[in-house]
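Each remark here refers to the structure printed beneath this line.
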């Protein structure tokens, strides 16, 4: 594991505390950029390096972004987290030779990290992003998105605490602009989503609302809704359960192989 915090900070000095770590292959490979969850309150280690290691085993470079959250950067709110995600995508592409990467950068987020991944997927060309990074269009557009039990909507069964932590505002009208399903269009990257139907923390309708918008704009997507399973399952096995048997679900754990098949079909065609 190599730490790229110094390089990221020097490349984008205006960023608040954040860290990019990665696993690299010997040959140029597509990259999965992982945003762990934690309600924008903290960054969950259960959805960080154990996930990166699994993607690495499947032939993908894997990076984890430790973006600004309330526990480390109190008072740092949107759009800083979006800027950090964009900075990481641009950093990988602009340093692909050094990182043994290709131009393909897939964002992968869990829970609130799924919200950040969805922001990267739909806000990559917002005016403030283009201005902050002096880019003109699609330079920061992810090649694809993987959204794992994501926070998405400020309208459809929202996870309000995540949106409050992100924006610093408690009135729903003040964070409606972060309801990412509203910004899906025909240029949104292909997306893989999974959720459990009885998720008691982030309602499954968050994933469904995003998928419905993808369908409306004919964006390629794959959605898997498993009947049962707690929120925050991550890899669904002992590597991420931290001794909690409720977080071990071999049936839901099939999401990862389904996701790898989806990725391979898209990025590793012979």
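The values are calculated or read from the model by the stated rules, or taken from the named source; none is laboratory data. All figures in this text were calculated on a predicted structure; none of them were measured in a lab. Reconstructed Cβ throughout: ideal geometry from the backbone, glycine too, with neighbour counts over all protein chains shown.
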TODO: Hey, can you tell me all the residues within the stretch 121-180 that are crowded, with 23+ Cβ neighbours inside 10 Å, assigned to a helix (DSSP H, G or I) and either modelled with pLDDT under 95 or in contact with a strand residue (DSSP E or B) (Cβ under 8 Å, 6 or more places away or on another chain) (or both)?
DONE: 121
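Please enumerate the residues belonging to the stretch 221-248 that are in a loop (DSSP other than H, G, I, E, B) and in contact with a strand residue (DSSP E or B) (Cβ under 8 Å, 6 or more places away or on another chain). Explain how you work it out, then say what you get.
Let us first name the residues in the stretch 221-248 that are in a loop (DSSP other than H, G, I, E, B), namely 227-237, 242-244, 248.
Of everything in the stretch 221-248, those that are in a loop (DSSP other than H, G, I, E, B) and in contact with a strand residue (DSSP E or B) (Cβ under 8 Å, 6 or more places away or on another chain) turn out to be 227, 228, 229, 230, 231, 232, 233, 234.
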Open item on the list: Go through the stretch 83-110 and report how many residues are assigned to a helix (DSSP H, G or I) and within 20 Å of residue 45 (Cα to Cα).
Closed with: 3
Task: Single unsatisfied condition, residue 228 versus (1) more than 27 Å from residue 89 (Cα to Cα); (2) surrounded by 14 or more Cβ atoms within 10 Å (Cβ to Cβ); (3) touching a helix residue (DSSP H, G or I) at 6+ places or on another chain (Cβ under 9 Å) - done: (2)
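Checking the structure you have, find out if any residue of the stretch 111-119 is part of a loop (DSSP other than H, G, I, E, B), modelled with pLDDT of 95 or more and either surrounded by 21 or more Cβ atoms within 10 Å (Cβ to Cβ) or on the phi < 0 side of the Ramachandran plot (or both). Break it down into steps so the answer makes sense when it comes.
So the first thing to find is which residues in the stretch 111-119 are part of a loop (DSSP other than H, G, I, E, B), and the list is 111.
Filter once more, keeping what is modelled with pLDDT of 95 or more: 111.
Filter again for either surrounded by 21 or more Cβ atoms within 10 Å (Cβ to Cβ) or on the phi < 0 side of the Ramachandran plot (or both), leaving 111.
Yes, because at least one residue in the stretch 111-119 is part of a loop (DSSP other than H, G, I, E, B), modelled with pLDDT of 95 or more and either surrounded by 21 or more Cβ atoms within 10 Å (Cβ to Cβ) or on the phi < 0 side of the Ramachandran plot (or both).
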Open item on the list: Among the residues of the stretch 198-205, are any in a loop (DSSP other than H, G, I, E, B), surrounded by fewer than 20 Cβ atoms within 10 Å (Cβ to Cβ) and in contact (Cβ under 8 Å) with a residue 60 or more places away in the chain?
Closed with: yes
TODO: Identify, by number, the condition in (1) touching a residue at least 24 places away in the same chain (Cβ under 8 Å); (2) within 18 Å of residue 109 (Cα to Cα); (3) assigned to a helix (DSSP H, G or I) that residue 211 doesn't meet.
DONE: (1)
TODO: Hey, can you tell me all the residues within the stretch 66-88 that are surrounded by 23 or more Cβ atoms within 10 Å (Cβ to Cβ) and more than 19 Å from residue 163 (Cβ to Cβ)?
DONE: 86, 87, 88
Task: Test set (1) free of Cβ contacts under 8 Å to residues at least 12 places away in the same chain; (2) under 25 Å from residue 60 (Cα atoms) - residue 256 fails condition number - done: (1)
TODO: Mind listing whichever residues of the stretch 181-197 are over 26 Å from residue 227 (Cβ atoms), outside any loop (DSSP other than H, G, I, E, B) and in contact (Cβ under 8 Å) with a residue 60 or more places away in the chain?
DONE: 183
Task: Unmet criterion (only one of (1) more than 16 Å from residue 147 (Cβ to Cβ); (2) touching a residue at least 40 places away in the same chain (Cβ under 8 Å); (3) more than 18 Å from the chain's Cα centre (by Cα)) for residue 240 - done: (3)
